[in-house]
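Each remark here refers to the structure printed beneath this line.
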Amino acid sequence: MGFTTEQLKSRLSALQDARWRGVRETVIEGRRVGYASDAEMVAAITDLEQRLARLEGRKRRRVIRAYAVKDI
């Protein structure tokens, strides 16, 4: 099921507002959506951000972490 950019932005905004208020339940497009934990909300927000980035043609953000091992 494909969503438009505007639909994804409205859902993302609703989820972010609910998270910032400290609420785990919100109404999106007339439907009540509840999350069991903050981690579930973060996962949903991340998913929406990634879908928006793909629709808008933005590249994925990548994090490169360097590490070193010292042999003794």
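Worth a mention:
- Exclusive hit being out of contact with any Gly (no Cβ under 8 Å at 6 or more places or on another chain), modelled with pLDDT of 85 or more and not in a helix (DSSP H, G or I), set ALA53, ALA43, ALA39, ALA66: ALA66
- Some residue of segment 12-22 being over 21 Å from ALA53 (Cβ atoms), of a type outside the set (Lys, Arg) and not in a helix (DSSP H, G or I): yes
- ALA36 hydrophobic (A, V, I, L, M, F, W, C), over 24 Å from ARG62 (Cβ atoms) and crowded, with 16+ Cβ neighbours inside 10 Å: no
- Listed by first and then second residue, the pairs with beta-carbon distance under 6 Å, at least 6 apart or on different chains, first residue in segment 34-56 and over 16 Å from SER13 (Cα atoms), second surrounded by 13 or more Cβ atoms within 10 Å (Cβ to Cβ) and among the hydroxyl-bearing types (Ser, Thr, Tyr), form an empty list.
The values are calculated or read from the model by the stated rules, or taken from the named source; none is laboratory data. From a predicted model like this one, the values you see are computed outputs, not experimental measurements. Every residue, glycine as well, gets a Cβ built from its backbone with ideal geometry; the counts of neighbours run over all protein chains shown.
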